[in-house]
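**Q** Questions regarding the structure given below will be posed in turn.
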Amino acid sequence: MKVITTKGVVKIYNPDKIPVKALDGVDLEIKEGEFTAIVGPSGSGKTTLLNVIGGLDRPDEGDVEVGGHDIDAMSDNKLIDFRKEHIGFVFQAYNLIPVLTARENVEFVMLLQNRPKKERRERAEELLRAVGLEDKMDKRPSELSGGQQQRVAVARALAPKPDFILADEPTANLDSKSTANLLDIMARLNEEEKITFIFSTHDQRVIDRARRVVTLVDGKVATDEVRG
Amino acid sequence: MIPIMAWRNIWRSKTRSLVVIGAISVGIWAALSLTGFATGMMKSYVNNAVQNIVSHIQVHQPEFLDEYEVKYNIPDALAVEQAIRAEPGIKAVSVRSVAGGMVSSSQGARGVRIKGVIPEEEARVNALDENVVEGEYLSDKGRNPILVSGDLAQKLNVKVRSKVVLNFQDRGGSITAAAFRIVGIFDTGNNPFDLSHVFVRRSDLNNLLIPATDSSLTADALTHEIAIMVEDIRNVDTIANKLGAEFPGLKVQTYREISPDLELYEGQIKNVSLIYLTVILLALVFGIINTMLMAVLERIKELGMLMAIGMNKLRVFSMIVLESILLGLVAIPVGLFLGYITIDYVGKNGIDMSIYAQSLENYGMSPIIYFELDPGVYLQVAVGVFLTAVLASIYPALKAIRLKPVEALRTI
Ligand SMILES: Nc1ncnc2c1ncn2[C@@H]1O[C@H](COP(=O)(O)OP(=O)(O)OP(=O)(O)O)[C@@H](O)[C@H]1O
Ligand SMILES: [Mg+2]
């Protein structure tokens with residue numbers, strides 16, 4: 001089943017001054033259960049593509065369909081609700097709410113969904129166990145390492161049972177050990193729980209773990225390689 | 001969880017939050033203390049005026065009040081007086097005869113109202129005896145004794161034992177003059193009153209007011225004014241209404257009706273406290289806006305992330321408003337407590353304003369002010385500060401929800 005379809009997506013920054021075509025006609029289909037890396041040189045449009053797919057930014061041309069919904073037609077507030085229900089985000093940094101503990105961070109989106117307290121708690125603990133942080137549940141982000149913070153972010157992104165998870169350079173700030181660890185967790189969740197992951201990266205070790213690699217060059221899809 | 005977040009957020013910048021909480025508390029304290037001070041002054045003025053001058057209730061023949069003509073005395077005064085004294089809840093009664101006239105010495109003359117009083121009764125109603133600062137109070141001894149105020153004595157250049165002459169019309173309309181000897185100097189603390197009143201014995205005044213040819217009235221039956229003190233000031237209106245019903249032909253007035261300035265002053269206090277409060281709240285608004293704006297601006301990335309993961313605008317808005325409210329809710333009890341102990345302390349011990357006493361006395365106030373506060377003001381201040389906190393957070397909260405998640409996340 002397709003979870004994301006983009007058709008001829010164009011995104012232009014600074015249309016009035018010096019226009020930058022960050023995306024220049026991107027056609028892409030992502031199916032359920034994929035473990036896909038978006039790669040390409042700096043400035044090639046990876047972040048822009050993830051933002052457009054994630055409903056954080058609107059394309060100037062083309063269509064974006066997410067889970068059968070035309071997200072372009074949604075109002076800003078509707079889009080916030082849509083993201084809350086359908087998309088999990090892992091950013092490069094500033095993922096977590098600093099005043100909340102790991103457990104509270106994971107519960108947070110479920111709280112926004114008005115899930116009952118007991119369910120929130122149980123799911124948060126289950127997810128934190130899944131990312132190997134059962135002993136850090138009551139720690140605040142400042143008390144966690146970068147890798148641990150990104151694992152909490154993955155658990156947080158999974159909490160609302162989204163259609164897929166978008167991760168923009170999730171390992172950019174991590175050392176190689178934490179990178180490997182985070183990738184292990186993501187790959188396992190992908191295999192065992194059929195969670196769809198789409199992540200951008202510069203890191204060859206991360207690219208090597210992907211099962212599909214989409215390469216962007218100058219805002220266009222240059223290669224799209226599916227590995228066995 | 002959002003209230004918990006809001007609460008923890010305000011403690012992220014401890015110093016900044018403590019400063020704004022301190023400012024709000026001090027503002028509340030100042031609003032309460034200033035209002036307490038103004039109320040204390042007002043009460044002091046009203047009490048002085050009531051106790052020394054107007055008394056709680058006065059009874060007159062209605063026409064007397066128009067021109068203060070001596071022919072408009074209270075009919076059947078003895079019976080009326082008896083009936084009033086029999087009324088429950090009444091502490092003291094003084095019957096007076098009153099004439100408008102002139103007091104003169106060799107050095108000058110002034111228009112005054114001459115009050116003929118029964119000394120012991122007058123002392124019980126308005127403590128005139130205690131206000132005698134020099135010489136003696138009126139008594140049965142001697143011929144034609146008179147009390148004048150220090151202020152008037154100075155104007156006339158007279159002192160105790162000096163002679164003054166009173167001129168006034170008697171009930172027949174002829175001008176009468178009589179010499180009086182000053183036995184004492186009084187000072188009520190209210191200059192305008194002191195300058196325009198002199199006190200003599202009622203029997204002396206009445207003998208002069210009733211012409212020899214007039215046999216319709218005896219000296220002890222000529223009364224223009226009955227001044228009444230009640231036991232409990234809160235019953236003034238009830239008792240006045242009752243007397244009014246009992247004597248439909250007479251004008252019964254409470255101190256508020258006699259001295260509308262007192263009522264005005266009492267009423268003004270509410271406005272005064274509102275003005276203090278408004279000024280202080282206006283200052284606080286800017287402090288809170290500034291604090292909350294800083295709190296929003298230094299969290300742009302985080303707010304962008306929150307909106308990216310699904311926190312909608314209403315919730316972000318509420319969180320910012322709630323943070324401001326929480327700052328207020330911490331500050332309000334502190335400020336109320338500081339205000340309360342200040343008002344309680346100065347309410348019991350008073351604050352000595354002697355340095356300004358001269359000007360205060362000109363307005364009929366005592367030099368020691370005891371703070372006093374209507375309990376409703378605490379609520380008024382608390383609600384005012386609460387609303388201010390809400391109001392002041394609206395602009396920062398709008399700023400927060402106008403952020404676009406992508407741009408906010410990209411901000412360095
Ligand atoms: N807000 C913006 N205003 C103007 N230009 C922008 C903006 N955001 C991105 N761009 C430009 O759009 C192009 C694509 O940027 P994007 O961030 O998507 O690249 P990227 O592949 O994620 O790069 P990196 O690997 O460095 O993260 C770049 O040329 C960038 O300079
Ligand atoms: Mg990027």
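The values are calculated or read from the model by the stated rules, or taken from the named source; none is laboratory data. Model, not experiment: these values are computed from the prediction. Every residue, glycine as well, gets a Cβ built from its backbone with ideal geometry; the counts of neighbours run over all protein chains shown. The protein model used for the area step is the full one, side chains on, heavy atoms only, and it has no ligands, DNA or RNA in it. Shrake-Rupley method; radii C 1.70, N 1.55, O 1.52, S 1.80 Å.
**Q** I need the phi-derived Karplus couplings for region B:92-103: 6.51 cos²θ - 1.76 cosθ + 1.60, θ = phi - 60°, integer Hz, Gly and Pro marked x.
**A** Once θ is set to phi - 60°, the couplings for region B:92-103 become 8, 9, 10, 9, 10, 10, 9, 9, x, x, 10, 10 Hz.
**Q** Considering every residue in A:88-100, what mean count of other chain Cβ atoms within 10 Å of its Cβ is obtained?
**A** 5
**Q** Hey, another quick one. Taking 7 Å along the Cα-to-C-beta vector as the label spot, tell me the B:ARG181-A:GLU126 distance in nanometres, rounded to one decimal.
**A** Reported label-point gap for B:ARG181 and A:GLU126 is 11.0 nm.
**Q** Let me check against my output: what whole-number percent is the relative contact order of region B:62-249, with C-alpha pairs under 8 Å and at least 6 apart?
**A** 30
**Q** So how much accessible area does A:LYS84 have, in Å² to the nearest 10, using a 1.4 Å probe?
**A** Per-residue accessible area (A:LYS84): approximately 20 Å².
**Q** Any chance you could check the Cα centroid distance between region A:149-170 and region B:130-182 for me, in angstrom?
**A** Centre-to-centre distance over Cα atoms comes out at 99 Å.
**Q** Now for a separate question. For chain B, find the longest principal axis of its Cα atoms and tell me its angle to the long axis of helix B:260-297, 0 to 90°, nearest 10.
**A** 10
**Q** While we're looking at this one, here's another question. Across every pair of different alpha-carbon atoms, what Kirkwood hydrodynamic radius in Å does chain A reach?
**A** 17.9
**Q** Okay, moving on. Sorting check: for B:398-405, B:1-8, which peptide has the highest mean count of neighbouring beta carbons within 10 Å, and how do the rest follow?
**A** B:398-405, B:1-8
**Q** Post the alpha-carbon centroid distance, region B:383-405 to region B:284-362, in whole angstrom.
**A** If we compute the Cα centre of each part, the gap is 13 Å.
**Q** Points 7 angstrom from Cα along the Cβ direction at A:VAL10 and B:SER354: gap in nanometres?
**A** In this crude label model, A:VAL10 to B:SER354 measures out at 9.0 nm.
**Q** Over the protein assembly as shown, what is the percentage of antiparallel beta bridges among all DSSP beta bridges, to the nearest 5?
**A** Percentage antiparallel, nearest 5: 70.
**Q** Per 0.36 nm of contour for each residue apart, how much would the distance between A:ARG58 and A:ASP224 grow if the chain were fully extended, relative to their Cα-Cα spacing?
**A** 57.4 nm
**Q** Counting only other chains, what is the mean number of Cβ atoms within 10 angstrom of the Cβ of each residue in peptide A:134-143?
**A** Per residue, the number of nearby Cβ atoms from other chains is 0 on average.
**Q** Further, regarding this structure: What's the extension gain from B:VAL285 to B:ASP374 if we count 0.36 nm per residue and subtract their Cα-Cα distance?
**A** Gain on stretching B:VAL285 to B:ASP374: 29.5 nm.
**Q** Okay, moving on. What is the magnitude of the charge dipole of the protein assembly as shown about its Cα centre, with +1 placed on the Cβ of each Lys and Arg, -1 on the Cβ of each Asp and Glu, and no other charges, expressed in debye to the nearest 20?
**A** Using Cβ point charges on Lys, Arg, Asp and Glu, the protein assembly as shown gives about 1540 debye.
**Q** Looking only at region B:66-103, which residues have a backbone nitrogen under 19 Å from a spot 7 Å from the Cα of B:GLN169 in the C-beta direction?
**A** B:66-75, B:97-103
**Q** Let me ask you something else. Just to be sure I understand the model, the point goes 7 Å from the Cα along the line to the Cβ. What's the resulting B:TRP11 to B:ARG124 distance in nm?
**A** 6.6
**Q** Shape of the protein assembly as shown from its Cα gyration tensor (a ≥ b ≥ c, root eigenvalues): rounded if a/c is under 1.5, otherwise prolate when a/b > b/c, or oblate?
**A** prolate
**Q** Give me the extension gain from B:ASN207 to B:LYS404: residue separation times 0.36 nm, minus the current Cα-Cα distance, reported in nm with one decimal.
**A** In short, 61.4 nm is gained.
**Q** Taking amide H positions as placed in the peptide plane 1.01 Å from N, state which residues far from A:GLY33 in sequence (5 or more) or on other chains have amide H under 5 Å from it.
**A** Answer set, sorted by chain and number: A:THR196.
**Q** Ignore the peptide's own chain and count Cβ atoms of other chains within 10 Å of each Cβ in B:308-319; give me the average, rounded.
**A** Mean partner shielding for this stretch: 6.
**Q** While we're on this one: Can you give me the angle between helix B:77-86 and the longest principal axis of chain B, using Cα atoms only, in degrees from 0 to 90, rounded to the nearest 10?
**A** 40
**Q** If you don't mind, there's one more thing I want to ask. Taking Cα centroids, how far is region B:231-254 from region A:66-86 in Å?
**A** 75
**Q** Something else: Round to the nearest 10 and report in Å² the accessible area of B:TYR255, as given by a 1.4 Å probe over the protein chains' heavy atoms.
**A** 10
**Q** Set the Förster radius R0 to 41 Å, insert the Cβ-Cβ distance between A:GLU134 and A:ASP76 as r into 1/(1 + (r/R0)^6), and round the FRET efficiency to 0.05.
**A** 0.65
**Q** When the Karplus curve 6.51 cos²θ - 1.76 cosθ + 1.60 is applied with θ = phi - 60°, which whole-Hz ³J(HN,Hα) does each residue of region B:310-324 get, with x for Gly and Pro?
**A** Values, residue by residue: x, 7, 7, 4, 4, 5, 4, 4, 4, 5, 5, 4, 5, 4, 5 Hz.
**Q** Now for a separate question. Mind giving me the FRET efficiency for A:HIS69 and B:VAL26? R0 is 60 Å, r the Cβ-Cβ distance, nearest 0.05 is fine.
**A** 0.65
**Q** Right, here's the next one. How much FRET efficiency would the formula 1/(1 + (r/R0)^6) give for B:SER216 and B:ASN241, where r is the Cβ-Cβ distance and R0 is 35 Å, rounded to 0.05?
**A** Between B:SER216 and B:ASN241 the formula returns 0.65.
**Q** If you fit an axis through the alpha-carbon atoms of helix B:236-246 and take the longest principal axis of the Cα set of chain B, what angle between them do you get, 0 to 90°, nearest 10?
**A** 40
**Q** Ok, one more. What accessible area per residue, rounded to a whole number of Å², is obtained for the protein assembly as shown using a probe radius of 1.4 Å?
**A** Heavy-atom accessible area per residue stands at 45 Å².
**Q** Still on this structure, I have one more. Residues of region B:78-92 with backbone nitrogen within less than 14 Å of a virtual label 7 Å along the Cα-to-Cβ line of B:GLU231, please, listed as ranges.
**A** B:86-92
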